[in-house]
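Quick notes on the structure that follows.
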Amino acid sequence: MAYTVRFSDATEIQVGPDEAVLDAALRQGVSLPYGCRSGLCGTCKAPLRAGEIAYPEGQPKALDSAEQASGMALLCQARPRSDLAIDTEPLEEALAAPRVLPARVARLERLAPAVCRLFLRLPAGKRLPFRPGQYIDILLGDGERRSFSLANSPLQDERLELHIRHIPGGRLTDHVFEGMAEGELLRIEGPLGQLYLREDSSRPALLVGGSTGFGPLKGILEHALASGDRRTFHLYWGSRDRAGLYLHELAQGWARESGTVTYTPVLSEPRPEDGWHGRTGWVHEAVLADFPDLSGFDVYMSGPPPMTDAARSAFLGHGLDPERLFYDAFHFSHE
């Protein structure tokens, strides 16, 4: 049995009783705002105007009791128990529907003590249509999933490139760093996410990354440069120490050779042995020191939740149009 879900612009989708509303929308090519897809960030929250929903795994963390009582629903977790009317409009730009594919580990490359670059190869003749900056999920055997941004341009999609930071005790990252071998078979789902290059914009862009949040920004910049995009791109990359800037020379090369990219690395806790003479502090504060008025910019950002949460609040307070802020909210798992 499927239920009909109707959005405020009259778009309708069919959703199974055991399917999340967001998953069904993406499957049918209807783009809705979302971030983590795990009930933690609240990006997909919307008013439920009619109908009944359930949360089989309990009330999501991003939805408090008062919000639930007022009729708010978290679409990445909500399962319909009747036809629904939801007061939100799908995004105008349709994205490729996510699909599940097998992928083999083509290569592993250690970029820093705690960062590995993983290349995945899809079956012969298969490609994953994605926008620069989107992410995929690696599906684990028991239904768990781990999200990783794509660090390559869709124009160079023979292999999918992921930048993976080691989370000690992390179920998947421990395996990547300690036991994964070339040729291993994985299952992935994608493309996913709303951090992707808006190619129809002419506004200058600020790209703000923390740690392996550099990965999707790399994919965005490589795509922009390969496609001849003449916008100005200001890349800010924050790390605790110099080792965390694991592709520093690559970014320097873009700034030196492109004519459209500037690059500002920022270290929050440089070590004495780093010999660092560049910017220090928090990366979003460096952005605001250079650009105190963000009203004319597009901002793409990716990094740990404390960074993206702080940056979002600060950037909106400095004139950034919330509709010109693009990011995906990742929350690390330690299991």
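See the values below:
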item	result
Positive-pole candidate from Ile188, Leu162, Thr232, dipole of the range 152-309, charges at beta carbon	Thr232
Using θ = phi - 60° and Karplus 6.51 cos²θ - 1.76 cosθ + 1.60, couplings along the range 10-20 (whole Hz; Gly, Pro as x)	6, 4, 10, 9, 10, 10, x, x, 9, 10, 5
Sparse-neighbour loop sites [GluC sites (Glu not before Pro); the range 174-276; at most 16 other C-beta within 10 Å; DSSP]	Glu182, Glu184, Glu199
Zone of Arg240's modelled label, taken as backbone nitrogen in the range 86-115 under 11 Å from a point 7 Å along Cα→Cβ	114
Spin-label model distance (nm) - Arg271 vs Glu189, 7 Å beyond Cα toward Cβ	3.9 nm
For the range 3-86, convex hull of alpha carbons as volume per residue, Å³	80 Å³
Expected 222 nm ellipticity per residue - DSSP helices of 4 or more, -39500 (n - 2.57), all of the chain, to 500	-5500 deg cm²/dmol
Distance (nanometres) between label positions extended 7 Å along Cα→Cβ at Leu139 and Ala226	2.6 nm
Signed unit charges on C-beta, dipole axis of the chain, positive-most listed residue Thr260, Gly143, Phe291	Thr260
Efficiency of FRET between Thr262 and Asp309 - r from beta-carbon atoms, R0 25 angstrom, step 0.05	0.50
Vicinal HN-Hα couplings computed from phi for the range 96-110 (Karplus, 6.51 cos²θ - 1.76 cosθ + 1.60; Hz; Gly/Pro x)	4, 5, x, 9, 9, 9, x, 8, 9, 5, 8, 6, 10, 9, 7
Distance in nm between pseudo-label sites at Thr11 and Ala181 (7 Å out along the Cβ direction from Cα)	4.6 nm
Size of electric dipole in the chain: Cβ of Lys, Arg +1 and of Asp, Glu -1, about Cα centre, debye, nearest 20	620 debye
Only Lys, Arg (+1) and Asp, Glu (-1) charged, at Cβ; the range 205-327 dipole about Cα centre in debye	120 debye
Kyte-Doolittle mean at least -1.0, axial Cα span of 15 Å or more - DSSP H helices of the chain	214-226, 305-316
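Since every read-out is calculated from the coordinates, none of them should be taken as a lab result. Keep in mind that what you see is a predicted model, and the values were worked out from it rather than measured. Virtual Cβ from ideal backbone geometry, glycine too; neighbours counted across all protein chains shown.
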